[in-house]
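Student: Would you mind keeping the following structure in view while I ask a few things?
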Amino acid sequence: MEYRPRRLRKKEGLRRMVSDIKIKAEDLILPLFLVPGEDIKEEITALPDCYHLSVDRVVEYLKEPVARGLNAVLLFGVPEENQKDAEASQSRDPEGVVPRAVKKIKDNYPELVVGTDVCLCAYTDHGHCGIMDSGGEVKNDETLEYLARMALTHTRAGADIIAPSDMMDYRIGFIRRALEEEGFTNTVIMSYSVKYASSFYGPFRYAADSAPEHGDRSSYQMDYSRSQEASIEAELDIQEGADILMVKPALAYLDIIKEIDSQSNLPLAAYSVSGEYSMIKQAAKAGICNEEEMVHEVFTAIRRAGADIIISYFAEKYLQILSDKK
Ligand code: PBG
C-alpha cells in the first residue's frame, strides 16, 4: 500500500494533531517605544498600530496584552532632539524614559519579563551606535564603557534582560563584567549576536529617530553577502557570556537562524524587524493579502527555522489571534 500524504490533511483536527510547529504566547516579545513627556500615546506613522508612549501611559497600554498572556517586552527610549549629544548622556540617565518605564512596569506587572535595548544611536546627536572620533569613525573600545553604563542604569532600575544592539566588538563580555562587579549576577544578556546592516530597519529609524546623520552602519553591522561570519559572531558572544542569542532581521535570514540554532544550544531569538512588519501591514492595507494569515505563516517559518523566541511588533496582534482561536 502506498503512503497517501493527503490523508492527514483531510480534517482540521488531524492537521492540528500532526503539526509540530506551534507558537505560544510565551514565545513572543513585544517592542515598545518610550518618549519623554506626559499623557502621550501617538501612533507611529512608519509603524501603523504601534505607538510612542510616555511613561505614565505604559501601564494602561499593557493591560490588555498582559491579560492575553503577554510574557515579555523590549523597551526602546526615544529622547527629544535637544537631549541628544556626542556622548549620548541621556542613555545613562537614571531619570531617563527607559529606567522610569522599567520601574513602572515592574511595579504593576511583576511577572512580566522586561528587556531593554542597549545602544547609543537614539541618544547621540550624530545617530551612530557608538562614540565617534574626529575623523567620523566609531571608536569601538571607548564605546564599551558607555554601553556598560547604560546597561547598569537599566539593570539598577530592575530590567530582567539587557539586549545590546550596538554591534561593537567585545561588548557582551565587557557588559557582563560590569554587571558582575555590581553584583548583578542574574541579569540575562540577550545579545543581538548576528545583526546585519539591513534596509529592513527603515521604519524603526523613523520611530526611534535614530538614522545616522552621515554614512551608514556597515562598519559595525554585518554584511549579508558574507555567509561565514554569523557563526563567528555567535561563538564570540557565547564565550563572552551571552544567555540568549539573536538573529536580526528574521525573514530574509531564515538560513542563518537555522545555522545558529544547530551551532548552539542557547535559546535563540529572531527579531522580525520593522521593515518586515511594514511590508505585511502595507500589503494588507492595499487589500492584496490577509494580515492575520501572513503573520501566522511568517511566525511559523521563523519557529520552523529554529528560533525559540520571536521579537515582533505583531506580538500583541498575535496574542489576539491566539485568544480568538481558543
Ligand atoms: C538600534 C536598533 C535598531 C533596531 C533595533 N535596535 C536600528 C539599527 O540598528 O539601525 C532595528 C529594529 C527594527 O527595525 O525593527 N541599534
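The values are calculated or read from the model by the stated rules, or taken from the named source; none is laboratory data. The structure displayed is predicted, hence computed values, not measured ones. As a convention, Cβ positions derive from the backbone with ideal geometry for all residues, glycine included, and neighbour counts pool all protein chains shown. Surface areas here come from the heavy atoms of the whole protein model, side chains and all, with no ligands, DNA or RNA. Shrake-Rupley method; radii C 1.70, N 1.55, O 1.52, S 1.80 Å.
Student: Rank by packing, highest mean first: peptides 50-56, 130-136, 228-234, with packing defined as the count of other Cβ atoms within 10 Å averaged across residues.
Tutor: Final packing ranking: 50-56, 228-234, 130-136.
Student: Go through region 133-142 residue by residue and turn each phi into a ³J(HN,Hα) via Karplus (6.51, -1.76, 1.60, θ = phi - 60°); whole Hz please, and just put x for glycine and proline.
Tutor: Per residue, the Karplus-derived 3J(HN,Hα) values read 8, 5, x, x, 9, 6, 8, 4, 6, 5 Hz.
Student: In terms of modelled amide H atoms, which long-range or inter-chain residues lie less than 5 Å from the amide H of residue 222?
Tutor: 195, 196, 197
Student: Just order 214-225, 295-306 by mean Cβ neighbour count inside 10 Å, highest at the front, would you? Show your work: numbers first, answer last.
Tutor: Numbers: 214-225: 14.2, 295-306: 19.0.
With the highest mean Cβ count within 10 Å placed first, the list reads 295-306, 214-225.
Student: Go through region 209-222 residue by residue and turn each phi into a ³J(HN,Hα) via Karplus (6.51, -1.76, 1.60, θ = phi - 60°); whole Hz please, and just put x for glycine and proline.
Tutor: The phi angles translate into 6, 10, 6, x, 5, 10, x, 9, 9, 6, 7, 10, 7, 7 Hz.
Student: Related question: Per residue, how much accessible area does the chain show when a 1.4 Å probe rolls over the protein heavy atoms, in square angstrom?
Tutor: Details: 15580 Å² over 326 residues.
Heavy-atom accessible area per residue stands at 48 Å².
Student: Could you give the dipole magnitude of region 248-326 about its Cα centre, charging the beta-carbon of Lys and Arg +1 and that of Asp and Glu -1, in debye to the nearest 20?
Tutor: Dipole of region 248-326, to the nearest 20 debye: 120 debye.
Student: What does the C-alpha gyration tensor say about the overall shape of region 139-275? Classify as rounded when a/c is under 1.5, otherwise prolate if a/b is larger than b/c, or oblate.
Tutor: Values: a/c = 1.66, a/b = 1.22, b/c = 1.36.
Oblate is the answer for region 139-275, as a/c is 1.5 or above yet b/c matches or exceeds a/b.
Student: Taking H placed 1.01 Å from N in the peptide plane, check which residues at least 5 places from residue 273 or on another chain put their amide H under 5 Å from its amide H.
Tutor: Residues meeting the amide H criterion: 250, 251.
Student: Whole-Hz Karplus ³J(HN,Hα) for region 183-194, in order, using 6.51 cos²θ - 1.76 cosθ + 1.60 and θ = phi - 60°, x for Gly and Pro?
Tutor: x, 8, 8, 9, 6, 7, 9, 9, 8, 6, 5, 10
Student: By per-residue mean of other Cβ atoms within 10 Å, what is the highest-first order of 178-189, 116-127, 147-158?
Tutor: 116-127, 147-158, 178-189
Student: In whole Å, largest first, what are the principal axis extents of the Cα atoms in region 20-79?
Tutor: Rounded to whole Å, the extents work out to 45, 24, 17 Å.
Student: Same structure again: Once the other residues with Cβ under 10 Å from the Cβ of residue 122 are scored (Lys, Arg +1; Asp, Glu -1), what is the net sum?
Tutor: Spelling it out: positives minus negatives among the neighbours equals 0.
Student: Over the chain, how many percent of alpha carbon pairs lie in each 10 Å bin up to the one with the longest distance?
Tutor: Taking every Cα pair in the chain, the percentages come to 6, 26, 36, 23, 7, 2, 1, 0.
Student: Now for a separate question. Enumerate the amide H contacts of residue 113 below 5 Å, restricted to partners 5 or more residues apart or on another chain; note that Pro and chain-start residues carry no placed amide H.
Tutor: Amide H neighbours of residue 113, under 5 Å, 5+ apart: 72, 73.
Student: Something else now. Give me the distance between the Cα centres of region 267-299 and region 12-87, rounded to whole Å.
Tutor: Taking the Cα centre of each part, region 267-299 and region 12-87 sit 15 Å apart.
Student: A follow-up question, please. Taking all protein chains as present, what is the carbon and sulfur share of the accessible area of the chain, in % to the nearest whole number, probe 1.4 Å?
Tutor: 48 percent
Student: Relative contact order of region 20-325: what whole-number percent is it, with Cα pairs under 8 angstrom and at least 6 residues apart?
Tutor: Details: 601 pairs, mean separation 57.7, N = 306.
This gives 19 percent for region 20-325.
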